[in-house]
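A.B. asks: Take a look at this one; I'll ask things after.
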Amino acid sequence: MIYTVTLNPAIDRLIQTSGMLTKKKTNRVKTAEYDLGGKGFHVSHVLSKFGIENIALGFIGSENQLQMEKILRAKQVTHQLIVEKNASTRECIVLIDEESQGSTMVTGSGFRISRTNHEKLIFQLQKLLKKDDMLVLAGSLPPDYTLKQLKEIIDVGKRAGSFIACDLSGDALKLSVKMEVDFIKPNQFELEELLTPAMESMKDRLLVLNESVPYIAASFGEEGSYVVHAGEIYRVFPPKVKEVNDTGAGDVFVGSFLAQLALRANLETAIAYATACSASKVTKRNCTDFDLIQAEQMLPMIKIKKLEVNPDAIS
Ligand code: TA6
């Protein structure tokens, strides 16, 4: 079973303006809709689209619980969420315009998690997680949620022997590396912070990081990605697509990559599906949609280059 954990859930409010979105101007709304938010929920949605059984865990605020649950139902996300009383799931506003100038996101900070509810989550994970399971931790931490609490979650996964995938940022990402989880997805800037500065070559630095984390997918936006596994580095070039909304593309990458690992696909297939599905996502207006048929048509357009590595260059 795959369990995704969304500690800081969200409802995305997607607003598309008429014409080009411009500062210091009254921008008129053309379309507005609510969509699934929160990175773990997004990953669950992708896994379900691949027909892979999964359960979304984490928290949900009581005040707008029905609205969040309606969205989860519409997106076919099976969940066992812990309700935080007197709390509202945050809204994340995603702005796009008719001219497809790229999306702008304004995220709420979220609600605080009570000590009791954190303990409930730990207990739930202790009961559920088994060796062959996958634990996916994705998204920001709620206000005042500590690294110690995050460590407690990762520790449960470690003790169970589950595969642990993390799409975290900042200090949470650093902690996941320190704890040697199985998968991380840093962006270009986060990657720089994770790599050993003393080494000159990017390749050598990636290989050192790969000694602690078996799968690294470093995303460089529309420039593609670097995927590192078992001492091999792959430079991945995505197909060119007409961008409508790139919000959620990273989540689709993570979900599709993990889906392919769960299906026991080889690494290059996993990379190709993740790249194609996230390219398909970018062509869609909302934050979750992608089209598997469109993605499969794009598979031949993806370039995956295995980089030469010199094993003597690193100690
Ligand atoms: O990646 C897109 C997204 O999942 C949005 O749907 C939005 O809810 C946001 O990310 C939340 O990100 P955060 O890092 O604050 O958890």
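The values are calculated or read from the model by the stated rules, or taken from the named source; none is laboratory data. Note that this is a predicted model, so its numbers are computed, not measured. Backbone-built Cβ (ideal geometry, glycine too); neighbour counts: all protein chains shown. The protein model used for the area step is the full one, side chains on, heavy atoms only, and it has no ligands, DNA or RNA in it. Shrake-Rupley method; radii C 1.70, N 1.55, O 1.52, S 1.80 Å.
A.B. asks: Somewhere in the range 233-246, is a residue open to solvent by less than 40 Å² (accessible area, probe 1.4 Å), over 19 Å from E268 (Cα atoms), within 16 Å of the ligand (Cβ to nearest atom) and of a type in the set (A, V, I, L, M, F, W, C)?
C.D. replies: Checking the range 233-246: at least one residue is open to solvent by less than 40 Å² (accessible area, probe 1.4 Å), over 19 Å from E268 (Cα atoms), within 16 Å of the ligand (Cβ to nearest atom) and of a type in the set (A, V, I, L, M, F, W, C).
A.B. asks: Criterion first (open to solvent by 50 Å² or more (accessible area, probe 1.4 Å) and closer than 14 Å to I304 by Cβ) does E222 satisfy it?
C.D. replies: Spelling it out, it is not the case that E222 is open to solvent by 50 Å² or more (accessible area, probe 1.4 Å) and closer than 14 Å to I304 by Cβ.
A.B. asks: A further question on this structure: Which condition from (1) touching a residue at least 40 places away in the same chain (Cβ under 8 Å); (2) among the small types (G, A, S); (3) open to solvent by less than 20 Å² (accessible area, probe 1.4 Å); (4) farther than 25 Å from T6 by Cβ is the one that A259 breaks?
C.D. replies: (4) is the only condition that A259 fails.
A.B. asks: In this structure, is K75 in contact (Cβ under 8 Å) with a residue 60 or more places away in the chain, among the basic types (K, R) and farther than 29 Å from M20 by Cβ?
C.D. replies: The answer is yes for K75.
A.B. asks: Oh, and also: Counting only residues that are over 19 Å from I233 (Cβ atoms) and of a type in the set (A, V, I, L, M, F, W, C), how many does the range 266-285 have?
C.D. replies: 4
A.B. asks: For the range 290-310, indicate whether the set of residues that are closer than 29 Å to I154 by Cα and either within 20 Å of the chain's Cα centre (by Cα) or within 16 Å of the ligand (Cβ to nearest atom) (or both) is non-empty.
C.D. replies: Checking the range 290-310: not a single residue is closer than 29 Å to I154 by Cα and either within 20 Å of the chain's Cα centre (by Cα) or within 16 Å of the ligand (Cβ to nearest atom) (or both).
A.B. asks: Shifting gears a bit: Of all residues in the range 239-276 being among the charged types (D, E, K, R) and touching a Gly at 6+ places or on another chain (Cβ under 8 Å), which is nearest to I216 (Cα to Cα)?
C.D. replies: My answer is D246.
A.B. asks: Would you point out which residue out of V244, V236 is part of a loop (DSSP other than H, G, I, E, B) and farther than 17 Å from H45 by Cβ?
C.D. replies: V244
A.B. asks: List the helices (runs of 4 or more DSSP H) that sit entirely inside the range 71-180 and contain at least 2 residues that are more than 16 Å from the ligand (Cβ to nearest atom), at pLDDT 95 or above and of a type in the set (D, E).
C.D. replies: 147-160
A.B. asks: Would you check which residues across the range 131-154 are farther than 19 Å from L47 by Cα, touching a residue at least 12 places away in the same chain (Cβ under 8 Å) and charged (D, E, K, R) and list them?
C.D. replies: K131, D144, K151, E152
A.B. asks: Also, quick follow-up: E222: farther than 29 Å from V83 by Cβ, within 16 Å of the ligand (Cβ to nearest atom) and either assigned to a strand (DSSP E or B) or in contact with a helix residue (DSSP H, G or I) (Cβ under 9 Å, 6 or more places away or on another chain) (or both), yes or no?
C.D. replies: yes
A.B. asks: Still on this structure, I have one more. Go through the residues of the range 51-61 one by one and say whether even a single one is out of contact with any Lys or Arg (no Cβ under 9 Å at 6 or more places or on another chain), within 16 Å of the ligand (Cβ to nearest atom) and open to solvent by 20 Å² or more (accessible area, probe 1.4 Å).
C.D. replies: no
A.B. asks: Could you please let me know if E190 is in contact with a helix residue (DSSP H, G or I) (Cβ under 9 Å, 6 or more places away or on another chain), within 16 Å of the ligand (Cβ to nearest atom) and charged (D, E, K, R)?
C.D. replies: yes
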